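A quick write-up on the structure given underneath.
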């Protein structure tokens, strides 16, 4: 079994949680569903209750797999390929959305803080000109 497949299996729960957080971002938050969404967000964020080293390994896996994914690096329903710079910009925006914007709508941005720190750290480590790309988008 290749190391990529082992990493995919190892981090399947975390990858699913990231996708579910993105899906939650499409849901309108109102007084009727805020508590339920908050419980769901807490459940998804609990997938990242890992030891610091493990969380950093996951973050690096996520950044690398996103940047190496042909599906991730396409636009317009998969018809138009993106440049590496375009994919890096998209990834920065996705990290910000998953770890600040969506949890923030539920008052949970602090709960996503460790995940945000790990993902941004991995992004800065693995993406050329990461600081410039993050600065252009106003992401700290």
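The values are calculated or read from the model by the stated rules, or taken from the named source; none is laboratory data. Worth saying up front: this structure is predicted, and the values here are computed from it rather than measured. Note that each Cβ is placed from the backbone with ideal geometry, even for glycine, and that neighbours are counted across all protein chains shown.
Looking at this structure, is residue 20 in a helix (DSSP H, G or I), in contact with a helix residue (DSSP H, G or I) (Cβ under 7 Å, 6 or more places away or on another chain), under 21 Å from residue 116 (Cβ atoms) and in contact (Cβ under 8 Å) with a residue 60 or more places away in the chain? Can you show your working first?
Values: in a helix (DSSP H, G or I): yes; in contact with a helix residue (DSSP H, G or I) (Cβ under 7 Å, 6 or more places away or on another chain): yes; under 21 Å from residue 116 (Cβ atoms): yes; in contact (Cβ under 8 Å) with a residue 60 or more places away in the chain: no.
It is false that residue 20 is in a helix (DSSP H, G or I), in contact with a helix residue (DSSP H, G or I) (Cβ under 7 Å, 6 or more places away or on another chain), under 21 Å from residue 116 (Cβ atoms) and in contact (Cβ under 8 Å) with a residue 60 or more places away in the chain.
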Spans of helices (runs of 4 or more DSSP H) in region 57-140 with at least 1 residues under 22 Å from residue 23 (Cβ atoms) and modelled with pLDDT of 95 or more: 84-96, 102-105, 113-126
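From the list 117, 99, 27, pick out the single residue that is surrounded by 17 or more Cβ atoms within 10 Å (Cβ to Cβ) and either touching a helix residue (DSSP H, G or I) at 6+ places or on another chain (Cβ under 8 Å) or within 24 Å of residue 134 (Cα to Cα) (or both).
Exactly one residue qualifies, and that residue is 99.
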Residue within region 95-118 that is within 16 Å of residue 11 (Cα to Cα), within 17 Å of the chain's Cα centre (by Cα) and in contact (Cβ under 8 Å) with a residue 40 or more places away in the chain present: yes
